[in-house]
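Step one of this worksheet: look at the structure below.
The values are calculated or read from the model by the stated rules, or taken from the named source; none is laboratory data. Nothing here was measured: the structure is a model prediction, and the numbers come from that model. Neighbour counts are summed over all protein chains in view; Cβ atoms, including those assigned to glycine, are modelled from backbone coordinates with ideal geometry. With ligands, DNA and RNA removed, areas are computed over all heavy atoms of the protein, side chains included. Shrake-Rupley method; radii C 1.70, N 1.55, O 1.52, S 1.80 Å.
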Amino acid sequence: MKSWKENQVLGAVVLAAAVLAGTFGIGGAKLSSAVSKTSDSYEEMIAGDLAQRAAAAQTIAEVGKAALGEESESVQLVYRALSALDQAQTPAQDFAADTGLTSAVGMLYEEVRKTTGEEKGSVLQTQWSEFLSRGNIIANTAAEYNEQARKTEKKLSGFPAGLIAKLAGLKAEPFADADVQ
């Protein structure tokens, strides 16, 4: 039979292992849940409107292509901006791509409107209104999402949460570096 000292050392090692497992297991689950909630909020609050905004931009680009020709620099600029949005993989990248899309679509819209003299009720005007409306919705919800993402980042930055988050690869990325105006 082992001495009392040997059992005490073994007990301390088992206790330390249990505490670490509990901290990392339960803590990791809580942190993962917080990041997942932030990600779900992005999908609910912004991603759908961003997709609808991109669809309106695509239609404006098609109208522009019909009016100005496929080789028009304004048309190509919108297609490049749509491609950048499609390739974005994080909320911050989505925001940056959407900023570029806003400029490109605005220039194309003005060029097509001046060239064709399109009136209210046209496909161009309807899609432009949709594009602007979705942009306003995104601007109004981005600040709320950013705040939630900042709170999640704060949870992930303390100890031992920061260590657990790094080991698990957890990160909540804000939609933009600064609140959308």
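Structure data summary
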quantity	calculated
Segment 48-163 - accessible surface per residue (Å², probe 1.4 Å)	53
Cleavage-rule hits (trypsin sites (Lys or Arg not before Pro)) in segment 36-134: DSSP loop, at most 13 neighbouring Cβ within 10 angstrom	LYS120
Packing-based ranking, highest mean first, of 71-78, 95-102 given that Cβ atoms within 10 Å are counted	95-102, 71-78
Two-site FRET efficiency, GLU44 against ALA66, from Cβ-Cβ distance with R₀ of 35 Å, rounded to 0.05	0.50
Pair LYS154, ALA51: separation of 7 Å Cα→Cβ label points (nm)	3.2
